[in-house]
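**Q** First the structure, which I've put down as structure tokens, then a few questions once you've had a look.
The values are calculated or read from the model by the stated rules, or taken from the named source; none is laboratory data. Worth saying up front: this structure is predicted, and the values here are computed from it rather than measured. Ideal geometry is used to build each Cβ from the backbone, glycine not excepted, and the neighbour counts take in all protein chains shown.
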């Protein structure tokens, strides 16, 4: 009961930010109106409650992990989802719309997310994401596209290798990549090493060895990277974008996608787990990055859908995985075209 109570309090704290930004929000509106609204509601206190709520949930999962092996597995999934949420919250800090001031965005992103999770400094992520990714998404020079290429998603890929690439973070290569990335981010920074070390230490005090293994190491090194990887795959039509000109929305409509456009249940499940805080609305975000996640559903209703709105991720013909595979196999260096029907 204590575990559930702590998790419930964390969830309740997270809702304060959403309720605050919901006041006066229209059901559908353009970017200018929504940005004006969020500027009027901007503050530095509700993001603190939001982030504290996420970490309080993690503490609850640590407590749960200390109650036995079966509950440790549940806790591993819970912590992985919480880490994914933290990543997306800091994503909006990088864009400068989490808190009211630039300094608060930077400090909150570092203290609550980047330091304890062993990520790159906020300013480095801001440069890579805001300057290098957004203006040239799916184009040569996009660091995210380069990451996909390094994972083996190249023209002519075979189905078996493509299937492995979809779950890359769960493979030995993916685990080594996660460890190497964390080590590189901590190199020459005793302060960052100390902050990362505090997380397993706190987990041990709360839930013992089980909490360290199942609610820190497994989610941070395997499950959270998997959720982040899948979210990257569903952001854009990476390998066959339609290059358009016009307004930002018209340009992004040609290279973005919208998963589960007509399935409210799957949309809600995705938004609660692996596509949180506006990641499900990546088209609207790409068109207007200065809009906070609270307002993205209203912006999407105003903009409409991008040109590709798949009904699923892996299973079926009209899926993200199917489109990516067909695009890669039909590229100039490939001799065959195909369609994939993969099981989760």
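**Q** Looking at 78, 96, 68 in this structure, which one is on the phi > 0 side of the Ramachandran plot and under 18 Å from the mean Cα position of the chain (by Cα)? Explain how you work it out, then say what you get.
**A** On the way: 78 fails: on the phi > 0 side of the Ramachandran plot; 68 fails: under 18 Å from the mean Cα position of the chain (by Cα).
The conditions single out 96.
**Q** Another question, if that's okay. Please enumerate the residues belonging to the stretch 21-41 that are over 23 Å from the mean Cα position of the chain (by Cα) and either under 24 Å from residue 51 (Cβ atoms) or free of Cβ contacts under 8 Å to residues at least 60 places away in the same chain (or both).
**A** Scanning the stretch 21-41 gives 23, 24, 25, 32, 33, 36, 37, 39, 40, 41.
**Q** So which of 244, 301, 264, 258 ends up being closer than 22 Å to residue 84 by Cα and surrounded by fewer than 17 Cβ atoms within 10 Å (Cβ to Cβ)?
**A** Being closer than 22 Å to residue 84 by Cα and surrounded by fewer than 17 Cβ atoms within 10 Å (Cβ to Cβ) holds for just one of 244, 301, 264, 258, which is 264.
**Q** Scan the stretch 18-33 and give yes if some residue there is part of a helix (DSSP H, G or I), at pLDDT below 95 and farther than 26 Å from residue 198 by Cβ, otherwise no.
**A** no
**Q** Shifting gears a bit: Does residue 127 qualify as being assigned to a helix (DSSP H, G or I), modelled with pLDDT of 95 or more, over 18 Å from the mean Cα position of the chain (by Cα) and surrounded by fewer than 17 Cβ atoms within 10 Å (Cβ to Cβ)?
**A** Details: assigned to a helix (DSSP H, G or I): yes; modelled with pLDDT of 95 or more: yes; over 18 Å from the mean Cα position of the chain (by Cα): no; surrounded by fewer than 17 Cβ atoms within 10 Å (Cβ to Cβ): yes.
Spelling it out, it is not the case that residue 127 is assigned to a helix (DSSP H, G or I), modelled with pLDDT of 95 or more, over 18 Å from the mean Cα position of the chain (by Cα) and surrounded by fewer than 17 Cβ atoms within 10 Å (Cβ to Cβ).
**Q** Here are some residues: 56, 70. Which one is assigned to a helix (DSSP H, G or I), out of contact with any helix residue (DSSP H, G or I) (no Cβ under 9 Å at 6 or more places or on another chain) and surrounded by fewer than 23 Cβ atoms within 10 Å (Cβ to Cβ)?
**A** Going through 56, 70 in turn, the sole match is 70.
**Q** If you don't mind, another one. Pairs needed: first member in the stretch 167-193, touching a residue at least 12 places away in the same chain (Cβ under 8 Å); second member anywhere, surrounded by 12 or more Cβ atoms within 10 Å (Cβ to Cβ) and not in a helix (DSSP H, G or I); C-beta distance under 7 Å; at least 6 residues apart or different chains.
**A** Every condition considered, the pairs that remain are 168/151; 182/118; 185/118; 185/119; 185/120; 186/118.
**Q** Got a sec? Which of 113, 97 is part of a loop (DSSP other than H, G, I, E, B) and within 26 Å of residue 269 (Cα to Cα)?
**A** Unique residue meeting the criteria: 97.
**Q** Say we look at the stretch 137-157 and pick out the residues that are out of contact with any helix residue (DSSP H, G or I) (no Cβ under 8 Å at 6 or more places or on another chain) and loosely packed, with under 15 Cβ neighbours inside 10 Å; which of these is farthest from residue 233 (Cα to Cα)?
**A** Step by step, filter the stretch 137-157, then rank; the result is 140.
**Q** A further question follows. Could you check the stretch 100-110 and list, in sequence order, the residues that are in a helix (DSSP H, G or I) and either within 19 Å of residue 49 (Cβ to Cβ) or modelled with pLDDT under 95 (or both)?
**A** If the condition is that a residue be in a helix (DSSP H, G or I) and either within 19 Å of residue 49 (Cβ to Cβ) or modelled with pLDDT under 95 (or both), then 103, 104, 105, 106, 107, 108, 109, 110 are the ones that fit.
**Q** Go over the candidates 273, 237 one by one and state the one that is within 16 Å of the chain's Cα centre (by Cα), in contact (Cβ under 8 Å) with a residue 40 or more places away in the chain and within 29 Å of residue 171 (Cα to Cα).
**A** 273
**Q** Related question: Quick check, is residue 83 within 22 Å of the chain's Cα centre (by Cα), in contact (Cβ under 8 Å) with a residue 40 or more places away in the chain and in a helix (DSSP H, G or I)?
**A** yes
**Q** Looking at (1) part of a helix (DSSP H, G or I); (2) out of contact with any strand residue (DSSP E or B) (no Cβ under 9 Å at 6 or more places or on another chain), which is the only condition residue 145 fails?
**A** It fails just one condition, (2).
**Q** Then there is this: From the list 34, 63, pick out the single residue that is over 30 Å from residue 213 (Cα atoms) and crowded, with 20+ Cβ neighbours inside 10 Å.
**A** 34
**Q** Shifting gears a bit: Considering the stretch 152-166 alone, what residues qualify as being assigned to a loop (DSSP other than H, G, I, E, B) and either in contact (Cβ under 8 Å) with a residue 24 or more places away in the chain or on the phi > 0 side of the Ramachandran plot (or both)?
**A** Once the filter is applied, which keeps residues that are assigned to a loop (DSSP other than H, G, I, E, B) and either in contact (Cβ under 8 Å) with a residue 24 or more places away in the chain or on the phi > 0 side of the Ramachandran plot (or both), the stretch 152-166 yields 152, 153, 154, 155, 156, 157.
**Q** Let me ask you something else. Do the conditions hold for residue 220, that is, is it modelled with pLDDT under 95 and more than 30 Å from residue 331 (Cα to Cα)? Spell out how you get there, then give the answer.
**A** Values: modelled with pLDDT under 95: no; more than 30 Å from residue 331 (Cα to Cα): yes.
Judged against the criteria, residue 220 is not a match.
**Q** Does residue 49 satisfy being within 20 Å of residue 113 (Cα to Cα), surrounded by fewer than 18 Cβ atoms within 10 Å (Cβ to Cβ) and in contact (Cβ under 8 Å) with a residue 12 or more places away in the chain?
**A** Yes: the conditions hold for residue 49.
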